[in-house]
Amino acid sequence: MSNTRVRGSATYWPPTGLLGRVDERDREVLLALGHGVVYPAGQVTIREADTSDFALLLLGGTVKVTAHAQDGREALLAVRMAGDLVGELAGIDGEPRVGTVTTCGKVLARYILRSELMECTKQHPAIGLALNASVVAKLRTATGRIVDFTGCDVLGRLARILHHLAVTYGRPGRRDAQLPLSQPEMATLVGAAESSVHKALRALRESGAVATGYRWITILDLDLLARIAAEAGPGGPAGPGGPPETNLSKHV
């Protein structure tokens, strides 16, 4: 099955996702695994603590990955889009689910059983290596978020998260990206109160870096967002000695 023959699927696979890490031949193998599924908006596809062992290869749409803290609050762990494999941890080790996966809109995917996924990685070593690399990349991102957030204010944390998502899922050559995130979801991603995120978003809007709508945020100026993120400290996208200050911290 070709990725261009899946109605409603993406035609560009981000290089960080599983489909973007393999060549065309192995991509065809992955796209033929399991069976196609279509989920409506708001559908829970994988539930935390379940013992199911399938994975979903996303072909179109966006999902959010959440988990519950000890105090009962829901934490948004990640956002995944076309080209990503979700649920692969249980698909690899057979252990209970560590998070819940919910669709943010209509989602197209391949529903792949653990046995089929494991057999595929045995028959196609390059796919197995790509799967390992994608899991490691997610771990690096999670670790990097902890490091980046140390001593960083809400504006800096939000700018870094939005920049990461835009770079990860945006198309090459485009300076804008649209992300399906509500303010409460952004608050859980950056680990801040919703009121603080509201102030940070206002500062980003006033700077011209982003525009916001109902459950959506559009990145208008990726370079500006990178400068704002870099201003928060040496771990930002621009790195040490990055671009000059944007003087947005006074807004938050």
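Summary table
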{"item": "Of all residues in the stretch 117-133 being surrounded by 16 or more Cβ atoms within 10 Å (Cβ to Cβ) and either touching a strand residue (DSSP E or B) at 6+ places or on another chain (Cβ under 8 Å) or in contact (Cβ under 8 Å) with a residue 40 or more places away in the chain (or both), the one that is nearest to F54 (Cα to Cα)", "result": "L117"}
{"item": "Single condition R202 does not satisfy, out of (1) free of Cβ contacts under 8 Å to residues at least 24 places away in the same chain; (2) in a helix (DSSP H, G or I)", "result": "(1)"}
{"item": "Condition check for V65: over 16 Å from the mean Cα position of the chain (by Cα) and modelled with pLDDT of 90 or more", "result": "no"}
{"item": "Filter result for the condition that a residue is in contact with a helix residue (DSSP H, G or I) (Cβ under 8 Å, 6 or more places away or on another chain), more than 13 Å from A159 (Cα to Cα), surrounded by fewer than 21 Cβ atoms within 10 Å (Cβ to Cβ) and modelled with pLDDT of 95 or more, over E206, E194", "result": "E206"}
{"item": "Unique residue being modelled with pLDDT under 70, under 19 Å from the mean Cα position of the chain (by Cα) and of a type outside the set (D, E) when the list is R171, R215, R175", "result": "R175"}
{"item": "Residue count, the stretch 218-244 (criterion: at pLDDT 90 or above and in a helix (DSSP H, G or I))", "result": "7"}
{"item": "Looking only at the stretch 81-110, and only at residues there that are among the small types (G, A, S) and either buried (at least 18 other Cβ atoms within 10 Å of the Cβ) or free of Cβ contacts under 8 Å to residues at least 24 places away in the same chain (or both), the one that is nearest to L162 (Cα to Cα)", "result": "A82"}
{"item": "Selection from the stretch 16-34 of residues that are free of Cβ contacts under 8 Å to residues at least 60 places away in the same chain and closer than 14 Å to L59 by Cα", "result": "R27, E28, A32"}
{"item": "1 or more residues surrounded by fewer than 18 Cβ atoms within 10 Å (Cβ to Cβ): qualifying strands (runs of 3 or more DSSP E) within the stretch 6-80", "result": "35-39, 44-46, 62-68"}
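Rundown of residues vs (1) modelled with pLDDT of 95 or more; (2) in contact with a helix residue (DSSP H, G or I) (Cβ under 6 Å, 6 or more places away or on another chain); (3) outside the structural domain of R80 (by TED's automatic domain parsing), yes/no style:
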| site | (1), (2), (3) |
| --- | --- |
| R97 | yes, yes, no |
| T102 | no, no, no |
| K106 | no, no, no |
| A109 | yes, no, no |
| L113 | yes, no, no |
| L117 | yes, yes, no |
| N132 | yes, no, no |
| A137 | no, no, no |
| A142 | no, no, no |
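The values are calculated or read from the model by the stated rules, or taken from the named source; none is laboratory data. All figures in this text were calculated on a predicted structure; none of them were measured in a lab. Cβ: placed from backbone, ideal geometry, glycine included. Neighbour counts: every protein chain shown.
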